[in-house]
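Colleague: Pasting a structure here, questions to come.
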Amino acid sequence: MTTRTESVDTPAGEARVTWHPATGGGAARLVLAVSHGAGGGIEARDLRALAAALPARGITVALVEQPWRVAGKKVAAAPKVLDEGWRGLWPALTRPGLPVVAGGRSAGARVACRTAAALDAAGVLALSFPLHPPGRPEKSRAGELLGAGRPALVLQGGRDPFGRPEEFPPPAGDHPYRLVEVPYGDHGFAVPKKAGPTQDEALAVITETAAEWLLELPL
């Protein structure tokens, strides 16, 4: 598979997009644009797994490095700046002329939820949505997810300290979200060696669930 990395100027600074083009027999159906969280980059295991698995299903995957990360900073920008950067690179994501699903892990998932309706995203893929800071369930960010205004899929580790699946509110609104648990997964979807499912099996839950949901979206 041939990948291509593109630099994109945004109001928040230079972002980078690494394209993993669809390789399925037919034409690409959509673009899944996914960004990283506040504690890492596009090398995250779930983002790598999606980029490796989905192109064969006719889905182009765009891995987005946010401007603060490209600039070499160790601390993520404020939410307002993150959203500004995401909006600024959106034209590059839509350039192939395909529907774009906005996605991300952790803080990147929050950005996707906050901006999806305004950018007319085809849907939202939220990986390890940080429902609340660890140990502080009263600081809920559920409103961002419930207010996404687009069909959404949440993939959440069963041991995620930022919000276990059972802590999430019931879906509501015109575009209720779907939540799928990744058994034994932590915030990075790592599973204990003695948990039962292997790491590869946990990642397969993510890639297969995401692929099925993406291909069922009404585009």
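The values are calculated or read from the model by the stated rules, or taken from the named source; none is laboratory data. Predicted model, so just to flag it, every value in this text is computed and none were measured. Don't worry about glycine lacking a Cβ; one is built from the backbone with ideal geometry, like all the others, and counts go over all protein chains shown. SASA here: full protein model, heavy atoms, side chains in, ligands and nucleic acids out. Shrake-Rupley method; radii C 1.70, N 1.55, O 1.52, S 1.80 Å.
Colleague: Kindly identify segment 122-219 as rounded, prolate or oblate by the Cα gyration tensor criterion: order the square roots of the eigenvalues as a ≥ b ≥ c, call it rounded if a/c is under 1.5, otherwise compare a/b with b/c, prolate if a/b is larger, else oblate. Intermediate values should be presented prior to the final figure.
Modeller: Numbers: a/c = 2.75, a/b = 1.17, b/c = 2.35.
Verdict is oblate for segment 122-219.
Colleague: Rg to Rh for segment 1-63: what is it, with Cα atoms only and Rh by Kirkwood?
Modeller: Working: Rg = 12.2 Å, Rh = 12.2 Å.
Result: Rg/Rh = 1.00.
Colleague: Please list, by residue number, everything in segment 80-95 whose backbone N is under 14 Å from a paramagnetic label point 7 Å out along Cα→Cβ of Ala118.
Modeller: 80-91
Colleague: Report the extension gain between Ala56 and Arg178 in nm, rounded to one decimal, defined as 0.36 nm multiplied by the number of residues separating them, less their alpha carbon distance.
Modeller: Numbers: separation 122, 0.36 × 122 = 43.92 nm, distance 2.38 nm.
41.5 nm is the gain from fully extending Ala56 to Arg178.
Colleague: Right, something else. Quick check for you: with a 1.4 Å probe and neighbouring chains kept, what is the accessible area per residue of segment 23-113, in Å²? Intermediate values should be presented prior to the final figure.
Modeller: Details: 3420 Å² over 91 residues.
Per residue, segment 23-113 has 38 Å² of solvent-accessible surface.
Colleague: Still on this model: How big is the gap, in Å, between the Cα center of segment 91-147 and the Cα center of segment 3-30?
Modeller: For segment 91-147 versus segment 3-30, the Cα centre distance is 18 Å.
Colleague: Checking the cross-link filter: which aspartates and glutamates have an alpha carbon closer than 18 Å to that of Lys80, excluding same-chain neighbours under 8 positions apart?
Modeller: Asp9, Glu14, Glu65, Glu144
Colleague: Can you compute the modelled spin-label distance between Leu217 and Arg136, with each label point 7 Å from Cα toward Cβ, in nm?
Modeller: 3.2 nm
Colleague: Then there's this: In nm, to one decimal, how far is the modelled label at Asp9 from the one at Arg95, with both set 7 Å along Cα→Cβ?
Modeller: Computed distance between label sites Asp9 and Arg95 equals 1.3 nm.
Colleague: What shape does segment 26-104 take by its C-alpha gyration tensor, where a ≥ b ≥ c are the square roots of the eigenvalues and a/c under 1.5 counts as rounded, a/b above b/c as prolate, and the rest as oblate?
Modeller: Because a/c hits 1.5 or more and a/b fails to exceed b/c, segment 26-104 counts as oblate.
Colleague: Rounded, prolate or oblate, given the Cα gyration tensor of the chain, with a/c below 1.5 counting as rounded? Each step should come with its number before you reach the end.
Modeller: Values: a/c = 1.33, a/b = 1.15, b/c = 1.15.
Rounded.
Colleague: Okay, moving on. What part of the accessible area of the chain, given as a whole %, is carbon or sulfur when the probe is 1.4 angstrom? It would help to have the intermediate numbers written out before the result.
Modeller: On the way: 5030 of 9640 Å².
In the chain, the share of accessible area belonging to carbon and sulfur is 52 percent.
Colleague: So for the chain, averaging the separation of alpha carbon pairs under 8 Å that are six or more residues apart and normalising by length, what relative contact order in percent results?
Modeller: 17 percent
Colleague: Continuing with this model, one more query. Ordered by packing density, taken as the mean number of other Cβ atoms within 10 Å over each peptide's residues, highest first, how do 142-152, 5-15 rank?
Modeller: Values: 142-152: 19.3, 5-15: 16.2.
Output ranking for 142-152, 5-15: 142-152, 5-15.
Colleague: Please report, in debye to the nearest 20, how large the charge dipole of segment 53-200 is about its Cα centre when each Lys and Arg carries +1 at its beta carbon and each Asp and Glu carries -1 there. The partial results should precede the final answer.
Modeller: Details: 19 positive and 13 negative charges, 79 e Å.
Charge dipole of segment 53-200: 380 debye, to the nearest 20.
Colleague: Let me ask you something else. Considering only protein heavy atoms, what per residue accessible area in square angstrom results for segment 147-187 with a 1.4 angstrom probe? Please report the intermediate quantities before stating the final value.
Modeller: On the way: 1910 Å² over 41 residues.
About 46 Å² of surface per residue is accessible.
Colleague: Looking only at the chain, where both bridge partners belong to it, what percent of the DSSP beta bridges are antiparallel (to the nearest 5)? Walk me through the numbers before you get to the answer.
Modeller: Numbers: 12 of 37 bridges.
Antiparallel bridges: around 30 percent, rounded to the nearest 5.
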